[in-house]
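Peer 1: Attaching a single structure in structure tokens format; questions to follow.
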Amino acid sequence: MASLIHKDLSTLRWDGELPGTLNMIDQTLLPEQFLRIDCNTPEETWQAIKRLSVRGAPAIGVAAAYGLILGVQHNAHLSQNEFLEKLNITADYLAESRPTAVNLFWALDRMRQTAATHADLETPQLLERLLAEARAIEQEDQAMCIAMGEFGQTLLKEGQGVLTHCNAGALATSGSGTALSVFYAAARAGKKIHVYADETRPLLQGARLTSWELQNNDIEVTLICDSMAGWVMKEKRVQAVITGADRVAANGDAANKIGTYSVSLLAKAHGIPFYIVAPSSTFDFALATGDSIPIEQRDPTEISHGCGKQTAPAGVHIYNPAFDVTPAENITAIVTEKGIISPVTTENIAAMLKG
Ligand SMILES: CSC[C@H]1O[C@H](OP(=O)(O)O)[C@H](O)[C@@H]1O
């Protein structure tokens, strides 16, 4: 299967050795313009995450790990204590970019832990070790994407219609995606799947990114308005729903793009299985349930001035949560890189991921 994305053009990558550059596709410009940009500082990385040039929980984590390297790669002359202080200040800064995707904090904490574990190294060697850890986070993400795709495709049958919400594809990871990786794996297995992509207001990740990504990877896709999800289920066009996630609590409650919760209720009402695909790096075992997942509130102009055109009166009150939380009882199964969790319970999640 010829692929434009995860074969030839990675969503993000570290260019060079040390010093290096974080290079990424600027997803705010897709699908009209394909442009790669360089981030040379943690500040540029912070901005790229905030404005969704790079987006999607796993991709945000990988970007933050490399953004941390950008922040300390010119400080190898510092003493170990000064270097570690600069590292932690930079990690604290990057952690402020977006609050919901736990991969951001997971990746930064893993880098902090690596520094603490190797504090015996001279600073130049410690810097090299940190770059190796960021590369490991990226490579593990790529491997997890493939594994999730292979497990997930066993849930699909030839000829099915599957609805997805937002973009949980190669553009949301450093590999082939989470939810969309299932479609790529199904295609490799010879299964023809037709994807119904919700446009996903207000930032239209489904319209701008998922339909573009699937088109470029030879997967049949039909774009629909978010409000059409129930009707395509009623018309029996859809036999399953697959989405990604930004944070999964210990009991399986899952935060994902706003609108996912509604889709899960529609799926339940139509007796359609609702699957979430998420790597272990998206699980937050510190949270017992989804009630504690922080929900990002974004700029109201994303709603009133979507795509640059004013579509609401000046001064109208606007509520713009970027995510919602789907309760575990609405989720048929969670596909991880270690296997499929069903039923979705605290015990089954722990057995799969902590066992
Ligand atoms: C594989 S994580 C993808 C996940 O991230 C998206 O949010 P955003 O575009 O705001 O980063 C959305 O929730 C996707 O399901």
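Peer 1: Select from segment 190-203 the residues that are within 13 Å of the ligand (Cβ to nearest atom) and open to solvent by less than 30 Å² (accessible area, probe 1.4 Å) and write down the one among them that is farthest from residue 304 (Cα to Cα).
Peer 2: Of everything passing the filter in segment 190-203, 197 is farthest from residue 304 (Cα to Cα).
Peer 1: Since residue 25 meets every condition but one in (1) modelled with pLDDT of 95 or more; (2) within 30 Å of residue 120 (Cβ to Cβ), which condition does it not meet?
Peer 2: (2)
Peer 1: Of all residues in segment 65-118, count the ones that are within 25 Å of residue 324 (Cα to Cα) and in a loop (DSSP other than H, G, I, E, B).
Peer 2: Going through segment 65-118 one residue at a time, the tally reaches 7.
Peer 1: Quick check on segment 300-311: of everything there that is surrounded by 14 or more Cβ atoms within 10 Å (Cβ to Cβ) and modelled with pLDDT of 95 or more, which residue is nearest to residue 141 (Cα to Cα)?
Peer 2: Here the answer is 302.
Peer 1: Specify the residue that is nearest to the ligand (Cβ to nearest atom); the eligible residues are those in segment 96-132 that are among the small types (Gly, Ala, Ser) and open to solvent by less than 20 Å² (accessible area, probe 1.4 Å).
Peer 2: 101
Peer 1: Quick one: in segment 318-335, which of the residues that are within 14 Å of the ligand (Cβ to nearest atom) and assigned to a strand (DSSP E or B) is most open to solvent (accessible area, probe 1.4 Å)?
Peer 2: 325
Peer 1: Right, something else. Across segment 167-187, what is the total count of residues that are touching a residue at least 60 places away in the same chain (Cβ under 8 Å), within 15 Å of the chain's Cα centre (by Cα) and more than 27 Å from residue 91 (Cβ to Cβ)?
Peer 2: The total comes to 5.
Peer 1: Are any residues in segment 286-299 over 16 Å from residue 201 (Cβ atoms) and surrounded by 15 or more Cβ atoms within 10 Å (Cβ to Cβ), and if so, which ones?
Peer 2: 287, 289, 290, 293, 295
Peer 1: So, one more: Within segment 169-189, is even one residue closer than 26 Å to residue 268 by Cβ and open to solvent by 20 Å² or more (accessible area, probe 1.4 Å)?
Peer 2: no
Peer 1: Could you list, in sequence order, the residues of segment 175-201 that are closer than 21 Å to residue 323 by Cβ and in a loop (DSSP other than H, G, I, E, B)?
Peer 2: 178, 199, 200, 201
Peer 1: Take segment 272-285 and flag every residue that is crowded, with 16+ Cβ neighbours inside 10 Å and either away from the ligand (no atom under 16 Å from the Cβ) or in the same structural domain as residue 56 (by TED's automatic domain parsing) (or both).
Peer 2: If the condition is that a residue be crowded, with 16+ Cβ neighbours inside 10 Å and either away from the ligand (no atom under 16 Å from the Cβ) or in the same structural domain as residue 56 (by TED's automatic domain parsing) (or both), then 272, 273 are the ones that fit.
Peer 1: Is it fair to say residue 238 is open to solvent by less than 10 Å² (accessible area, probe 1.4 Å) and either farther than 25 Å from residue 291 by Cβ or part of a strand (DSSP E or B) (or both)?
Peer 2: For residue 238, the condition - open to solvent by less than 10 Å² (accessible area, probe 1.4 Å) and either farther than 25 Å from residue 291 by Cβ or part of a strand (DSSP E or B) (or both) - is met.
Peer 1: Looking at (1) closer than 28 Å to residue 307 by Cβ; (2) open to solvent by 10 Å² or more (accessible area, probe 1.4 Å), which one does residue 57 not meet, given that it meets all the others?
Peer 2: So residue 57 meets the others, but not (2).
Peer 1: Hey, could you check segment 12-48 for residues that are acidic (Asp, Glu) and assigned to a loop (DSSP other than H, G, I, E, B) and say which is surrounded by the most Cβ atoms within 10 Å (Cβ to Cβ)?
Peer 2: 26
Peer 1: Which pairs have Cβ atoms under 6 Å, sit 6 or more apart or on different chains, and link a residue in segment 254-268 that is in a helix (DSSP H, G or I) to one that is open to solvent by less than 50 Å² (accessible area, probe 1.4 Å) and hydroxyl-bearing (Ser, Thr, Tyr)?
Peer 2: Correct list of pairs: 260/243; 260/326; 261/326; 264/326.
Peer 1: Let me ask something additional. What number of residues within segment 158-173 satisfy the criterion of being within 11 Å of the ligand (Cβ to nearest atom) and assigned to a loop (DSSP other than H, G, I, E, B)?
Peer 2: Of the residues in that region, 5 qualify.
Peer 1: Go through (1) over 17 Å from residue 284 (Cβ atoms); (2) under 24 Å from the mean Cα position of the chain (by Cα) and name the single condition residue 74 misses.
Peer 2: Residue 74 satisfies all of (1) over 17 Å from residue 284 (Cβ atoms); (2) under 24 Å from the mean Cα position of the chain (by Cα) except (2).
Peer 1: If you scan segment 212-223, which residues turn out to be open to solvent by 20 Å² or more (accessible area, probe 1.4 Å) and either in a loop (DSSP other than H, G, I, E, B) or in contact with a strand residue (DSSP E or B) (Cβ under 7 Å, 6 or more places away or on another chain) (or both)?
Peer 2: Correct list: 215, 216, 218, 220, 221, 222, 223.
Peer 1: Output the residues belonging to segment 241-271 that are in contact with a Leu (Cβ under 8 Å, 6 or more places away or on another chain) and away from the ligand (no atom under 16 Å from the Cβ).
Peer 2: Within segment 241-271, 250 is the sole residue that qualifies.
Peer 1: Regarding segment 43-61, can at least one residue be identified that is farther than 26 Å from residue 249 by Cβ, in contact (Cβ under 8 Å) with a residue 60 or more places away in the chain and away from the ligand (no atom under 12 Å from the Cβ)?
Peer 2: The answer is no, given that none of the residues of segment 43-61 is farther than 26 Å from residue 249 by Cβ, in contact (Cβ under 8 Å) with a residue 60 or more places away in the chain and away from the ligand (no atom under 12 Å from the Cβ).
The values are calculated or read from the model by the stated rules, or taken from the named source; none is laboratory data. All values derive from a computational prediction rather than experimental measurement. A quick note on method: Cβ atoms are made from the backbone with ideal geometry, for glycine too, and the neighbour counts reach across all protein chains shown. For accessibility, only protein heavy atoms count, side chains too; no ligands or nucleic acids. Shrake-Rupley method; radii C 1.70, N 1.55, O 1.52, S 1.80 Å.
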